[in-house]
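Encoded as structure tokens, the structure appears first; notes follow it.
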Amino acid sequence: MRVRPISPERLVTKLTERLATTEAPGRLRVAVDGAPAAAPEALAAALVDPLRALGRPVLHVRAEGFLRPASVRLEHGRNNPDSYYEGWVDEPGLRREVLAPAGPGGSGRVLPSLWDPRTDRASRAAYVTLPPDGIVLVSGTLLLGGGLPVDLAVHLALSPAALARRTDPELHWTLPAFARYAEEVDPAGFADVVVRLDDPRHPALVEPD
């Protein structure tokens, strides 16, 4: 593998080109995965307008809109890294409401969010119909370990030192979850696109030789 430095602007351009030219049996389902310190939501949001400029309908779905209710995800405490790793995101809901309808033979009727973590209530979001040539970008944390059906996975990688340095001290309790993720899942080993983001001002693409 080789690591190629790239500017943040060029990264968005390269990813836009990759997604716009990737064929899928249904609507293109893309996971943008990374720790909160890597800001996967920001990268996914940055792809929306360039893809639309190329004529591709796009829907950005944030995984935080599919968290489990607080009574479930915080059952073992607010700062339990194992619960954070294993069960904060409602993956069945994400499959049912987003990835299955966007996939082969799906209706294209996608729910942008299911749960509002701020109010801990159903979000009451309206369904959106994504055309057959549409792209759904699902951004969030720890997305690649549960077999979610996506057509292309982007992983934003941070070294353990950079992750610790750039994670809010109040969230340092999550660091063991990311250590488990790296060891048990190794998302950088199989994602279709891997971006190193130890310094967000100087990203780098990890590419095969």
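The values are calculated or read from the model by the stated rules, or taken from the named source; none is laboratory data. Note that the structure is a prediction, hence the values are computed from the model and not measured. So basically every Cβ, Gly included, is an ideal-geometry build from the backbone, and we count neighbours across all protein chains shown. Side chains included, ligands, DNA and RNA excluded: accessible areas come from the protein's heavy atoms. Shrake-Rupley method; radii C 1.70, N 1.55, O 1.52, S 1.80 Å.
Consider Ser123 carefully, then state whether it is buried (at least 16 other Cβ atoms within 10 Å of the Cβ), in contact with a helix residue (DSSP H, G or I) (Cβ under 9 Å, 6 or more places away or on another chain), on the phi < 0 side of the Ramachandran plot and modelled with pLDDT under 95. Answer is yes for this residue. With a requirement of 2 or more residues that are open to solvent by 40 Å² or more (accessible area, probe 1.4 Å), of a type in the set (Asp, Glu) and modelled with pLDDT under 95, the helices (runs of 4 or more DSSP H) lying completely within the range 39-108 that satisfy it span 81-87.
Across the range 126-135, which residue is most open to solvent (accessible area, probe 1.4 Å) among those that are within 25 Å of Ala39 (Cα to Cα) and part of a strand (DSSP E or B)? Checking each candidate, the answer is Val128. Do we have Ala161 as of a type in the set (A, V, I, L, M, F, W, C) and touching a residue at least 60 places away in the same chain (Cβ under 8 Å) here? So Ala161 fails the test.
Against the test of being closer than 22 Å to Pro104 by Cα, modelled with pLDDT of 95 or more and part of a strand (DSSP E or B), the options Val194, Val138 yield a single qualifying residue, Val138.
Every listed requirement among (1) in contact with a Phe, Trp or Tyr (Cβ under 6 Å, 6 or more places away or on another chain); (2) over 25 Å from Val193 (Cβ atoms) is met by Leu94 save one, (2).
For the structure I just gave you, tell me whether Asp116 is open to solvent by 10 Å² or more (accessible area, probe 1.4 Å), touching a residue at least 12 places away in the same chain (Cβ under 8 Å) and touching a Pro at 6+ places or on another chain (Cβ under 7 Å).
no
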